[in-house]
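Notes for the one structure printed next.
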Amino acid sequence: MTITAEAVVSDEQRHVAITSWKTPIIFGLFTVLFALLPLLAPREGDSTFRLVRSADAAIQLPELVLPANATAWVAVVLLAAITALSVVWTRARRRLPLWLTVVYVIVLLVGFLAWASAGGTLPMIGLLGGALALATPLIFGALGGVIGERVGVVNIAIEAQLLAGAFMAALVGSATGSPWAGLIAAMVAGVLVSLVLAVFAITYYVNQVIVGVVLNVLVAGLTTFLYRQVLNANPETLNSPPLFPVLPIPLLSEIPVLGPVLFRQTIIVYLMYITVFLVWYGLYRTRWGLRLRAVGEHPQAADTVGIKVAPTRYWNMMLAGAIAGMGGAFYTLVTNPQFGREMTAGAGYIALAAVIFGKWDPVRATLAALLFGFATNLQGVLSVIGSPVPSQFMLMLPYVVTIFAVAGLVGRSRPPAASGEPYIKS
């Protein structure tokens, strides 16, 4: 029997009709919990959603004013309807589509924002723009994680790649006076970290999770030491990188609400858009993606048809590290003009959660990262407008969303079959 590369792996042909009640249960639980807000703590007054940033915007939109408590109850009804629909589809053994979860999350967010901002004004462009800024490094890290796991290597070291990229971007960008040099240095740093992981995981068959955790600790300690000994000693010359300027895209940046959020950004954000598309297209529409997925699903079969497993894993781990390094550069070349000790603050682990939440798919992982970024930014915005939600709850909100997403909305998911398994050629 002739074995072809196409027969090795095909995501579209490996779906199994397994009924999972996890998502309907989570929908129902959060619907009940949300209904308790307008029931036990009704808010009087209206919530105002400001849809433009300034009065000199090319296209003006009126502020959207909604009654806080009534909007919350409408959201409860819609959430209950979506939950009922998910129950019906699950009983019929139908796969719940991604759009249903997206609609549920949007309705939940609108209802919660209307309730929480009663009597105040929510700057929607600032809220969404800040969410995108916080999500950008997560998206780069998640894309690196998707590529790594799809090729068979668990990339726990995303945190190390982000942190190394941020450090090198600040150092090289400051020394050369060029943010582009800093960006390239960040990609090289990410590649070096991923190469260390690849050597131990692919060549020496060391447990990939352990190596990744060790690398995270090692890079955190190393960058902290160099920050104290090198950067702090010469902050003007070695820790003051130039920032990428904001580059509005004509016409697109004038689209109401989404224009300023998506198209009034720096070059790194635009590179992120391109990278998401290229990874998605390459993974599912090219020979490179077919070989990558073949190695991650069944390396022995891939080896049989002539695909070199170890080199494929090495090259793709280097690519994953370069992409994650770009995310690290965002910290010091866009958001903050200097490197700070452990400034990534666990973003690599959130990116890894986005990979799992996104079922090892680049587009889904991107959406998950955007959700986490929104939850993180929401805590600051609600604090500014004087929301009654306790600050302690808002601080833990991003991590609650992470647990909720990974434990609840993922449902049944199957990682690449050979992910985390070393390949020993027989």
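Filter segment 251-270 for residues that are surrounded by fewer than 18 Cβ atoms within 10 Å (Cβ to Cβ) and modelled with pLDDT of 90 or more; which is farthest from the chain's Cα centre (by Cα)?
So the residue we want is Ile267.
Taking segment 84-97, which residues are under 25 Å from Ala365 (Cβ atoms) and either in contact with a helix residue (DSSP H, G or I) (Cβ under 7 Å, 6 or more places away or on another chain) or surrounded by 18 or more Cβ atoms within 10 Å (Cβ to Cβ) (or both)?
If we filter segment 84-97 for residues that are under 25 Å from Ala365 (Cβ atoms), which is where we start, we get 86, 89-90, 94-97.
Answer for segment 84-97, where residues must be under 25 Å from Ala365 (Cβ atoms) and either in contact with a helix residue (DSSP H, G or I) (Cβ under 7 Å, 6 or more places away or on another chain) or surrounded by 18 or more Cβ atoms within 10 Å (Cβ to Cβ) (or both): Ser86, Thr90, Leu96.
Does segment 272-279 contain at least one residue that is touching a Lys or Arg at 6+ places or on another chain (Cβ under 7 Å), without any contact (Cβ under 8 Å) to a residue 60 or more places away in the chain, exposed (fewer than 13 other Cβ atoms within 10 Å of the Cβ) and not basic (Lys, Arg)?
Within segment 272-279, not a single residue is touching a Lys or Arg at 6+ places or on another chain (Cβ under 7 Å), without any contact (Cβ under 8 Å) to a residue 60 or more places away in the chain, exposed (fewer than 13 other Cβ atoms within 10 Å of the Cβ) and not basic (Lys, Arg).
Among the residues of segment 331-341, is any under 15 Å from the mean Cα position of the chain (by Cα), farther than 19 Å from Gly420 by Cα and assigned to a helix (DSSP H, G or I)?
The answer is yes, given that some residue of segment 331-341 is under 15 Å from the mean Cα position of the chain (by Cα), farther than 19 Å from Gly420 by Cα and assigned to a helix (DSSP H, G or I).
Just checking, how many residues over segment 177-209 are closer than 17 Å to Gln161 by Cβ and within 25 Å of the chain's Cα centre (by Cα)?
Counting residues in segment 177-209 that are closer than 17 Å to Gln161 by Cβ and within 25 Å of the chain's Cα centre (by Cα) gives 20.
Report, by residue number, each residue of segment 298-318 that is crowded, with 22+ Cβ neighbours inside 10 Å and either closer than 21 Å to Val276 by Cα or polar (S, T, N, Q) (or both).
Hits for segment 298-318 are Thr312, Arg313, Asn316, Met317.
Within segment 15-30, does at least one residue satisfy the condition of being at pLDDT below 85, charged (D, E, K, R) and not in a loop (DSSP other than H, G, I, E, B)?
yes
Is it the case, given these coordinates, that Val401 is more than 17 Å from the chain's Cα centre (by Cα), modelled with pLDDT under 90, outside any loop (DSSP other than H, G, I, E, B) and crowded, with 18+ Cβ neighbours inside 10 Å?
Spelling it out, it is not the case that Val401 is more than 17 Å from the chain's Cα centre (by Cα), modelled with pLDDT under 90, outside any loop (DSSP other than H, G, I, E, B) and crowded, with 18+ Cβ neighbours inside 10 Å.
Using beta carbons and a limit of 7 Å, which pairs, at least six apart or on different chains, have the first residue in segment 82-93 and closer than 13 Å to Ile25 by Cβ and the second one hydroxyl-bearing (Ser, Thr, Tyr) and in a loop (DSSP other than H, G, I, E, B)?
Pairs found: Thr90/Thr19.
Restricting attention to segment 268-275, does a residue exist that is part of a helix (DSSP H, G or I) and polar (S, T, N, Q)?
Yes, there is a match, as at least one residue in segment 268-275 is part of a helix (DSSP H, G or I) and polar (S, T, N, Q).
Looking at segment 314-330, is at least one residue more than 17 Å from Ile147 (Cβ to Cβ), of a type outside the set (Gly, Ala, Ser), at pLDDT below 90 and not in a loop (DSSP other than H, G, I, E, B)?
No, segment 314-330 contains no residue that is more than 17 Å from Ile147 (Cβ to Cβ), of a type outside the set (Gly, Ala, Ser), at pLDDT below 90 and not in a loop (DSSP other than H, G, I, E, B).
Of the conditions (1) crowded, with 24+ Cβ neighbours inside 10 Å; (2) farther than 30 Å from Val309 by Cβ; (3) of a type outside the set (Val, Ile, Thr), Gly165 fails just one. Which one is it?
(2)
Taking Val105 as the residue in question, decide whether it is surrounded by 23 or more Cβ atoms within 10 Å (Cβ to Cβ) and farther than 27 Å from Asn232 by Cβ. Walk me through how you get there before you give the answer.
Numbers: surrounded by 23 or more Cβ atoms within 10 Å (Cβ to Cβ): no; farther than 27 Å from Asn232 by Cβ: yes.
So Val105 fails the test.
Could you give me the residue pairs with C-beta distances under 9 Å whose first residue belongs to segment 349-371 and is closer than 16 Å to Glu159 by Cα, whose second residue is of a type in the set (Ser, Thr, Tyr) and in a loop (DSSP other than H, G, I, E, B) wherever it lies, and which are 6+ apart or on separate chains?
Correct list of pairs: Ile356/Ser413.
The values are calculated or read from the model by the stated rules, or taken from the named source; none is laboratory data. Please read these numbers as outputs of a predicted model, since none were measured by experiment. Don't worry about glycine lacking a Cβ; one is built from the backbone with ideal geometry, like all the others, and counts go over all protein chains shown.
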